[in-house]
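The next block holds one structure in the form of structure tokens; read it before the comments.
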Amino acid sequence: MAWPSSVRSSSTTSSSQEAWGSIACCGGSTERGRPSSEVAAPPLGTLPAVSEERPPRRLSRRSFILTLGAVAVAGAGTLARALTREPVDGTGTLATLSPRPSLTAARSSPSPSPTPTPTRAKQALLIHGAGDTNLDPGYIPAFRAHGYEHAWSGLGGLFERDDLSLVNCECPVSNLGTRYPGKQFSFRGDPKALPAMKAAGVDVANLGNNHAYDYGPAALLDTRKNLLKHGIAPVGAGKDPAEANKAAMFDMKGWTIAVVGFDKVVDPDPQAVAAPGHPGTAGGHNYDAMVKTVKAAKKDADLLIVAIHWGVELDTQPRDADVALGHRFIDAGADIVLGSHSHRLQPMGVYKGRPIFYSLGNFVWPNFSTAGATTAVAEIKITAQGKFVPRLIPALITSPGHPVLQG
């Protein structure tokens, strides 16, 4: 299978497939059957960034935060509302007017200048993102034979050597709950898998996807608790919309980093989406609310990462609607967008100097086919001056649940 080489200019997928509950999940007809024990490595090609390039914005310095930052979701909108870009001035910043000193103040004795708040110099950052990760030993029996370390042993310690790593956790990780009715594919990960996941260097797990609710609210909330217990920050789901949209905050190397997650795929029905008094995922069908969450998170951060579950399964190119939404996230303040759900690797784009990984494909997943086993890890290097250098590191799921880097 050839690797994806470009972002298509027009979508061939009907927008009606975005309707709630209409998207089948995790295994189209080409993916069913027993996973093969080995998949031959496909020819690796280049993955150019197809983009509208603009110089990167200079990131502002802010005070640091060591805990999870609260970001409330609000606002209303409709799915059909036209996507618009935020106006910017020539400098990209808002000018402020200093108040004129009063006559009394001007005649008084000068007071000593206030001591400036010390700021820390920013250092270079290295960030990684990976796609669909499943910790269900019933779906990946190889875990029973090889242990959960098997999921991460093909990475050569990649996530351990970076500053921040994120995966899309495509299952609740809990012993609680009952299977949600009406779904063809339901997963429940083993909490015993989390120590190996943390030891491999995973820092953030996006639960904003259409499987976080597979075993109902008890399992979803227990998953958050289990992840936090093992030092992994959950995003994209919670006890209510406020918690589901809460940003995970990290302070490192002079940067404050925020991460939020959204679920734009809902199956079998919208019950999986968080509502007042109802646990669920951070809903991704209200574009205005998502943009408001992104803007609020960026107020407290120098760097903002958006993880989003979107698109159509088995598609190898992003849809125009998702390209436009990714651009809107960047316009609202996002610096990195990490997409998932299609179970196929899709191209990377760059918009205004910021990377959008439209789909990172499968990662810790069965290797049902060569197409599904062909994957990659998103790598983003950020210089101390705020320049972004993104790329896709080729990887292959050589056996069930075992991704191996290829370059």
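The values are calculated or read from the model by the stated rules, or taken from the named source; none is laboratory data. Only a predicted model underlies this, so the values are computations on that prediction, with no experimental measurement involved. When we count neighbours, we look across all protein chains shown, and the Cβ atoms used for this are built from the backbone with ideal geometry, even at glycine.
Scanning segment 373-401 for residues that are more than 22 Å from residue 330 (Cβ to Cβ) and assigned to a strand (DSSP E or B) yields 374, 375, 393, 394, 395, 396, 397, 398, 399.
Look at residue 242 and say whether it is more than 30 Å from residue 153 (Cβ to Cβ), free of Cβ contacts under 8 Å to residues at least 40 places away in the same chain and among the aliphatic types (A, V, I, L, M). For residue 242, the condition - more than 30 Å from residue 153 (Cβ to Cβ), free of Cβ contacts under 8 Å to residues at least 40 places away in the same chain and among the aliphatic types (A, V, I, L, M) - is not met.
In this structure, is residue 264 surrounded by fewer than 24 Cβ atoms within 10 Å (Cβ to Cβ), under 23 Å from residue 165 (Cα atoms) and not polar (S, T, N, Q)? Against the criterion (surrounded by fewer than 24 Cβ atoms within 10 Å (Cβ to Cβ), under 23 Å from residue 165 (Cα atoms) and not polar (S, T, N, Q)), residue 264 does not qualify. Just one of the listed residues (294, 323) is out of contact with any Asp or Glu (no Cβ under 7 Å at 6 or more places or on another chain), aliphatic (A, V, I, L, M) and surrounded by fewer than 23 Cβ atoms within 10 Å (Cβ to Cβ), namely 323. State whether the residues of segment 334-342 include one that is over 18 Å from residue 262 (Cβ atoms) and either modelled with pLDDT of 95 or more or surrounded by fewer than 24 Cβ atoms within 10 Å (Cβ to Cβ) (or both). Scanning segment 334-342, I find no residue that is over 18 Å from residue 262 (Cβ atoms) and either modelled with pLDDT of 95 or more or surrounded by fewer than 24 Cβ atoms within 10 Å (Cβ to Cβ) (or both), so the answer is no.
May I ask you to list pairs of residues, at least six apart or on different chains, whose Cβ atoms are under 7 Å apart, with the first in segment 310-323 being of a type in the set (Phe, Trp, Tyr) and the second being not in a helix (DSSP H, G or I)? Qualifying pairs under 7 Å: 310/264; 310/265; 310/284; 310/339; 310/341. Take residue 223 and decide whether it is under 27 Å from residue 199 (Cβ atoms), over 16 Å from the mean Cα position of the chain (by Cα) and buried (at least 24 other Cβ atoms within 10 Å of the Cβ). Spelling it out, residue 223 is indeed under 27 Å from residue 199 (Cβ atoms), over 16 Å from the mean Cα position of the chain (by Cα) and buried (at least 24 other Cβ atoms within 10 Å of the Cβ). Note on segment 191-219: among residues that are more than 17 Å from the chain's Cα centre (by Cα) and under 20 Å from residue 343 (Cα atoms), the one that is surrounded by the most Cβ atoms within 10 Å (Cβ to Cβ) is 213. Scanning segment 334-372 for residues being aliphatic (A, V, I, L, M), part of a strand (DSSP E or B) and in contact (Cβ under 8 Å) with a residue 60 or more places away in the chain gives a total of 7.
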